[in-house]
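The values are calculated or read from the model by the stated rules, or taken from the named source; none is laboratory data. Being a predicted model, the structure only gives us computed values, none of them experimental. Note that we place each Cβ from the backbone using ideal geometry, even for glycine, and neighbour counts take in every protein chain shown. When the accessible area is computed, the model is the full protein with side chains, heavy atoms only, and any ligands, DNA or RNA have been set aside. Shrake-Rupley method; radii C 1.70, N 1.55, O 1.52, S 1.80 Å.
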Amino acid sequence: MSKELGILFDLDGVITDTAELHYKAWKKLADSLQIPFDHKVNESLKGLSRMDSLEALLGSQSDFFAKEEKEKLAAQKNQDYRNLLEGLTAEDVLPGIKPFLIDLKKREIPIGLASASKNAPYVLEKLEISSFFDQIVDPSEVAHGKPAPDIYVKGAEQLGISPSHCIGIEDAVSGIQAIKGAGMLAIGIGKAAILKDAGADLVLADTRELSWSVIESLIGKHK
Ligand code: BG6
Ligand code: MG
(Lines give C-alpha, C1' and ligand atoms only; values in the text may rest on other atoms or scores of the structure.)
(Ligands and ions follow the chains in the order given, each with its own letter.)
Protein backbone atom coordinates (compact mmCIF):
# COMPACT_ATOMS: atom_id res chain seq x y z
CA MET A 1 0.00 0.00 0.00
CA SER A 2 1.40 3.41 -0.94
CA LYS A 3 1.02 6.58 1.08
CA GLU A 4 -2.25 7.16 -0.75
CA LEU A 5 -5.16 6.11 1.46
CA GLY A 6 -8.92 6.57 1.61
CA ILE A 7 -11.30 5.47 4.35
CA LEU A 8 -14.89 4.51 3.62
CA PHE A 9 -17.41 4.22 6.42
CA ASP A 10 -20.68 2.39 6.69
CA LEU A 11 -23.24 4.46 8.62
CA ASP A 12 -25.81 2.37 10.50
CA GLY A 13 -24.00 0.40 13.21
CA VAL A 14 -20.63 2.06 12.67
CA ILE A 15 -21.19 5.81 13.01
CA THR A 16 -24.49 5.62 14.88
CA ASP A 17 -26.71 2.89 16.21
CA THR A 18 -29.85 3.24 14.12
CA ALA A 19 -30.48 -0.54 13.92
CA GLU A 20 -33.03 -0.30 16.75
CA LEU A 21 -34.90 2.48 14.91
CA HIS A 22 -34.95 0.41 11.71
CA TYR A 23 -36.20 -2.51 13.85
CA LYS A 24 -39.04 -0.48 15.35
CA ALA A 25 -40.22 0.75 11.94
CA TRP A 26 -40.01 -2.73 10.32
CA LYS A 27 -41.70 -4.31 13.36
CA LYS A 28 -44.65 -1.93 13.05
CA LEU A 29 -45.04 -2.86 9.38
CA ALA A 30 -44.62 -6.61 10.04
CA ASP A 31 -47.23 -6.48 12.84
CA SER A 32 -49.70 -4.70 10.55
CA LEU A 33 -49.20 -7.50 7.99
CA GLN A 34 -49.24 -10.21 10.70
CA ILE A 35 -45.81 -11.39 9.64
CA PRO A 36 -43.52 -12.64 12.43
CA PHE A 37 -40.54 -10.32 12.93
CA ASP A 38 -38.00 -10.20 15.74
CA HIS A 39 -34.50 -8.90 16.49
CA LYS A 40 -32.95 -12.01 14.96
CA VAL A 41 -34.62 -11.37 11.60
CA ASN A 42 -33.71 -7.68 11.91
CA GLU A 43 -30.04 -8.67 12.36
CA SER A 44 -30.09 -10.43 8.98
CA LEU A 45 -31.40 -7.22 7.32
CA LYS A 46 -28.39 -5.13 8.38
CA GLY A 47 -26.72 -3.54 5.38
CA LEU A 48 -29.48 -4.55 2.96
CA SER A 49 -31.29 -1.87 0.95
CA ARG A 50 -34.84 -0.85 1.88
CA MET A 51 -36.43 -2.93 -0.89
CA ASP A 52 -34.18 -5.96 -0.26
CA SER A 53 -35.10 -5.72 3.43
CA LEU A 54 -38.81 -5.63 2.57
CA GLU A 55 -38.40 -8.72 0.36
CA ALA A 56 -36.64 -10.55 3.21
CA LEU A 57 -39.39 -9.51 5.64
CA LEU A 58 -42.18 -10.66 3.31
CA GLY A 59 -40.37 -13.93 2.59
CA SER A 60 -42.72 -16.50 1.05
CA GLN A 61 -45.54 -13.91 1.05
CA SER A 62 -43.69 -11.67 -1.40
CA ASP A 63 -45.61 -13.02 -4.40
CA PHE A 64 -48.93 -11.86 -2.92
CA PHE A 65 -47.94 -8.20 -3.23
CA ALA A 66 -47.77 -6.20 -6.46
CA LYS A 67 -44.75 -3.96 -7.11
CA GLU A 68 -46.79 -0.81 -6.34
CA GLU A 69 -48.02 -2.29 -3.06
CA LYS A 70 -44.45 -3.11 -2.06
CA GLU A 71 -43.38 0.44 -2.86
CA LYS A 72 -46.19 1.73 -0.64
CA LEU A 73 -45.16 -0.56 2.21
CA ALA A 74 -41.51 0.54 1.91
CA ALA A 75 -42.60 4.21 1.89
CA GLN A 76 -44.73 3.61 4.99
CA LYS A 77 -41.79 2.01 6.82
CA ASN A 78 -39.56 4.89 5.75
CA GLN A 79 -42.01 7.49 7.05
CA ASP A 80 -42.03 5.76 10.45
CA TYR A 81 -38.23 5.53 10.37
CA ARG A 82 -37.90 9.24 9.47
CA ASN A 83 -40.18 10.12 12.40
CA LEU A 84 -37.90 8.15 14.72
CA LEU A 85 -34.80 9.85 13.24
CA GLU A 86 -36.14 13.25 14.25
CA GLY A 87 -34.98 12.57 17.80
CA LEU A 88 -31.36 11.94 16.71
CA THR A 89 -28.73 14.43 17.98
CA ALA A 90 -24.94 14.91 18.00
CA GLU A 91 -24.93 12.81 21.19
CA ASP A 92 -25.89 9.76 19.13
CA VAL A 93 -22.55 9.45 17.32
CA LEU A 94 -21.04 6.19 18.58
CA PRO A 95 -18.11 6.55 21.04
CA GLY A 96 -14.70 7.09 19.45
CA ILE A 97 -16.04 8.02 16.01
CA LYS A 98 -15.79 11.81 16.30
CA PRO A 99 -12.17 11.83 17.59
CA PHE A 100 -11.26 9.33 14.84
CA LEU A 101 -12.83 11.56 12.16
CA ILE A 102 -11.04 14.62 13.58
CA ASP A 103 -7.72 12.75 13.50
CA LEU A 104 -8.24 11.54 9.90
CA LYS A 105 -9.10 15.09 8.81
CA LYS A 106 -5.97 16.43 10.50
CA ARG A 107 -3.96 13.87 8.54
CA GLU A 108 -5.77 14.90 5.33
CA ILE A 109 -7.07 11.38 4.71
CA PRO A 110 -10.03 11.45 2.28
CA ILE A 111 -13.19 10.19 3.97
CA GLY A 112 -16.21 8.68 2.23
CA LEU A 113 -19.56 7.24 3.21
CA ALA A 114 -20.73 3.98 1.62
CA SER A 115 -24.09 3.44 3.27
CA ALA A 116 -27.05 1.60 1.77
CA SER A 117 -29.32 4.15 3.43
CA LYS A 118 -31.00 6.80 1.32
CA ASN A 119 -31.47 8.67 4.59
CA ALA A 120 -27.70 8.88 5.16
CA PRO A 121 -27.26 12.61 4.35
CA TYR A 122 -30.12 13.45 6.75
CA VAL A 123 -28.64 11.23 9.49
CA LEU A 124 -25.18 12.85 9.13
CA GLU A 125 -26.82 16.26 9.34
CA LYS A 126 -28.71 15.31 12.53
CA LEU A 127 -25.45 13.97 14.01
CA GLU A 128 -23.69 17.23 12.99
CA ILE A 129 -20.81 15.46 11.24
CA SER A 130 -21.60 16.05 7.53
CA SER A 131 -18.56 18.30 7.07
CA PHE A 132 -16.13 15.43 7.75
CA PHE A 133 -17.21 13.55 4.63
CA ASP A 134 -15.52 14.38 1.34
CA GLN A 135 -17.81 12.03 -0.58
CA ILE A 136 -21.16 10.33 0.05
CA VAL A 137 -22.20 7.56 -2.34
CA ASP A 138 -25.83 7.79 -3.42
CA PRO A 139 -27.05 4.17 -3.04
CA SER A 140 -29.66 4.70 -5.75
CA GLU A 141 -26.81 5.17 -8.23
CA VAL A 142 -25.35 1.69 -7.81
CA ALA A 143 -26.74 -1.33 -9.62
CA HIS A 144 -26.43 -3.89 -6.82
CA GLY A 145 -26.75 -3.43 -3.07
CA LYS A 146 -24.51 -5.02 -0.40
CA PRO A 147 -23.20 -7.75 -0.31
CA ALA A 148 -22.30 -6.79 -3.92
CA PRO A 149 -19.17 -4.60 -3.99
CA ASP A 150 -20.72 -1.80 -6.12
CA ILE A 151 -21.16 0.82 -3.39
CA TYR A 152 -17.54 0.48 -2.20
CA VAL A 153 -16.19 0.50 -5.77
CA LYS A 154 -18.17 3.71 -6.38
CA GLY A 155 -16.95 5.18 -3.09
CA ALA A 156 -13.31 4.65 -4.07
CA GLU A 157 -14.02 6.14 -7.50
CA GLN A 158 -15.63 9.22 -5.93
CA LEU A 159 -12.62 9.66 -3.62
CA GLY A 160 -10.34 9.25 -6.64
CA ILE A 161 -8.37 6.49 -4.90
CA SER A 162 -7.79 2.93 -6.09
CA PRO A 163 -9.84 0.38 -4.08
CA SER A 164 -6.61 -1.42 -3.20
CA HIS A 165 -5.62 1.75 -1.31
CA CYS A 166 -8.89 2.04 0.58
CA ILE A 167 -10.07 0.67 3.92
CA GLY A 168 -13.77 0.03 4.58
CA ILE A 169 -15.36 -0.10 8.03
CA GLU A 170 -18.54 -2.15 8.53
CA ASP A 171 -20.61 -3.84 11.23
CA ALA A 172 -22.60 -6.27 9.05
CA VAL A 173 -21.67 -9.46 7.22
CA SER A 174 -23.13 -8.12 3.95
CA GLY A 175 -21.00 -4.98 4.32
CA ILE A 176 -17.74 -6.86 4.96
CA GLN A 177 -18.46 -9.01 1.90
CA ALA A 178 -19.01 -5.85 -0.15
CA ILE A 179 -15.70 -4.31 1.01
CA LYS A 180 -13.74 -7.49 0.29
CA GLY A 181 -15.46 -7.89 -3.09
CA ALA A 182 -14.27 -4.37 -3.95
CA GLY A 183 -10.67 -5.42 -3.17
CA MET A 184 -10.22 -3.30 -0.04
CA LEU A 185 -9.02 -4.01 3.47
CA ALA A 186 -11.99 -4.48 5.80
CA ILE A 187 -12.34 -3.53 9.44
CA GLY A 188 -15.30 -5.16 11.16
CA ILE A 189 -16.98 -3.66 14.21
CA GLY A 190 -18.71 -6.23 16.41
CA LYS A 191 -18.56 -9.98 16.79
CA ALA A 192 -15.14 -11.33 15.76
CA ALA A 193 -16.14 -14.86 14.72
CA ILE A 194 -18.96 -13.83 12.38
CA LEU A 195 -17.15 -10.86 10.81
CA LYS A 196 -13.85 -12.77 10.40
CA ASP A 197 -15.79 -15.51 8.69
CA ALA A 198 -17.23 -12.90 6.30
CA GLY A 199 -13.65 -11.92 5.39
CA ALA A 200 -12.78 -9.01 7.72
CA ASP A 201 -9.02 -8.36 7.92
CA LEU A 202 -9.41 -7.01 11.45
CA VAL A 203 -12.31 -7.00 13.89
CA LEU A 204 -12.70 -4.49 16.73
CA ALA A 205 -15.26 -5.15 19.42
CA ASP A 206 -16.16 -1.49 19.72
CA THR A 207 -15.92 1.80 17.81
CA ARG A 208 -13.84 3.17 20.73
CA GLU A 209 -10.95 1.02 19.45
CA LEU A 210 -10.72 2.83 16.09
CA SER A 211 -7.52 4.87 15.88
CA TRP A 212 -4.76 5.90 13.51
CA SER A 213 -2.40 3.32 15.05
CA VAL A 214 -4.91 0.56 14.24
CA ILE A 215 -4.98 1.77 10.61
CA GLU A 216 -1.17 1.91 10.44
CA SER A 217 -0.75 -1.56 11.84
CA LEU A 218 -3.38 -3.00 9.47
CA ILE A 219 -1.63 -1.41 6.48
CA GLY A 220 1.74 -2.63 7.78
CA LYS A 221 0.51 -6.22 7.90
CA HIS A 222 -0.74 -6.08 4.30
CA LYS A 223 2.18 -4.28 2.62
C1 BG6 B 1 -28.51 0.19 5.93
C2 BG6 B 1 -29.16 -0.46 7.12
O3 BG6 B 1 -27.48 1.02 6.34
O4 BG6 B 1 -29.46 0.98 5.21
C5 BG6 B 1 -30.39 -1.25 6.70
O6 BG6 B 1 -28.22 -1.33 7.74
C7 BG6 B 1 -31.35 -0.35 5.92
O8 BG6 B 1 -31.03 -1.77 7.85
C9 BG6 B 1 -30.60 0.26 4.73
O10 BG6 B 1 -32.46 -1.08 5.45
C11 BG6 B 1 -31.46 1.18 3.88
O12 BG6 B 1 -31.81 2.31 4.63
P13 BG6 B 1 -32.89 3.38 4.20
O14 BG6 B 1 -32.68 4.49 5.19
O15 BG6 B 1 -32.58 3.81 2.80
O16 BG6 B 1 -34.23 2.74 4.28
MG1 MG C 1 -24.16 -1.20 9.11
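Kindly indicate whether Ser117 is in a loop (DSSP other than H, G, I, E, B) and within 17 Å of the chain's Cα centre (by Cα).
Here the answer is yes, as Ser117 does meet what is asked.
Return the only residue of Glu108, Glu91, Glu125 being among the charged types (D, E, K, R) and part of a loop (DSSP other than H, G, I, E, B).
The match here is Glu108.
For segment 33-48, which residues satisfy the criterion of being open to solvent by less than 90 Å² (accessible area, probe 1.4 Å) and over 20 Å from Ala116 (Cα atoms)?
Leu33, Ile35, Phe37, Asp38
Could you list, in sequence order, all residues of segment 117-144 that are away from ligand 2 (no atom under 15 Å from the Cβ), surrounded by fewer than 19 Cβ atoms within 10 Å (Cβ to Cβ) and under 15 Å from Ser49 (Cα atoms)?
Once the filter is applied, which keeps residues that are away from ligand 2 (no atom under 15 Å from the Cβ), surrounded by fewer than 19 Cβ atoms within 10 Å (Cβ to Cβ) and under 15 Å from Ser49 (Cα atoms), segment 117-144 yields Asp138, Ser140, Glu141, Ala143, His144.
Any residue at all in segment 109-116 that is touching a helix residue (DSSP H, G or I) at 6+ places or on another chain (Cβ under 8 Å), free of Cβ contacts under 8 Å to residues at least 60 places away in the same chain, away from ligand 2 (no atom under 16 Å from the Cβ) and not aromatic (Phe, Trp, Tyr)?
Checking segment 109-116: not a single residue is touching a helix residue (DSSP H, G or I) at 6+ places or on another chain (Cβ under 8 Å), free of Cβ contacts under 8 Å to residues at least 60 places away in the same chain, away from ligand 2 (no atom under 16 Å from the Cβ) and not aromatic (Phe, Trp, Tyr).
Determine which single condition Glu170 fails, assuming it passes every other condition in (1) open to solvent by less than 20 Å² (accessible area, probe 1.4 Å); (2) in contact with a helix residue (DSSP H, G or I) (Cβ under 6 Å, 6 or more places away or on another chain); (3) away from ligand 2 (no atom under 13 Å from the Cβ); (4) not hydroxyl-bearing (Ser, Thr, Tyr).
(3)
Return the total of residues in segment 2-32 being away from ligand 2 (no atom under 15 Å from the Cβ) and at positive phi.
Result for segment 2-32: 0.
Can you name the residue in segment 142-196 that is without any contact (Cβ under 8 Å) to a residue 12 or more places away in the chain and more than 15 Å from ligand 1 (Cβ to nearest atom) and, of all such residues, is nearest to Ile219 (Cα to Cα)?
The residue in question is Lys196.
Residues that are away from ligand 1 (no atom under 13 Å from the Cβ), basic (Lys, Arg), at pLDDT 95 or above and closer than 14 Å to Leu11 by Cα: does segment 102-119 have at least one?
no
May I ask you to list the residues in segment 143-181 that are among the charged types (D, E, K, R) and assigned to a loop (DSSP other than H, G, I, E, B)?
If the condition is that a residue be among the charged types (D, E, K, R) and assigned to a loop (DSSP other than H, G, I, E, B), then Lys146, Asp171 are the ones that fit.
I'd like to know if segment 76-98 contains one or more residues that are among the aliphatic types (A, V, I, L, M), in contact with a helix residue (DSSP H, G or I) (Cβ under 8 Å, 6 or more places away or on another chain), away from ligand 1 (no atom under 16 Å from the Cβ) and under 24 Å from Val137 (Cα atoms).
The answer is yes, given that some residue of segment 76-98 is among the aliphatic types (A, V, I, L, M), in contact with a helix residue (DSSP H, G or I) (Cβ under 8 Å, 6 or more places away or on another chain), away from ligand 1 (no atom under 16 Å from the Cβ) and under 24 Å from Val137 (Cα atoms).
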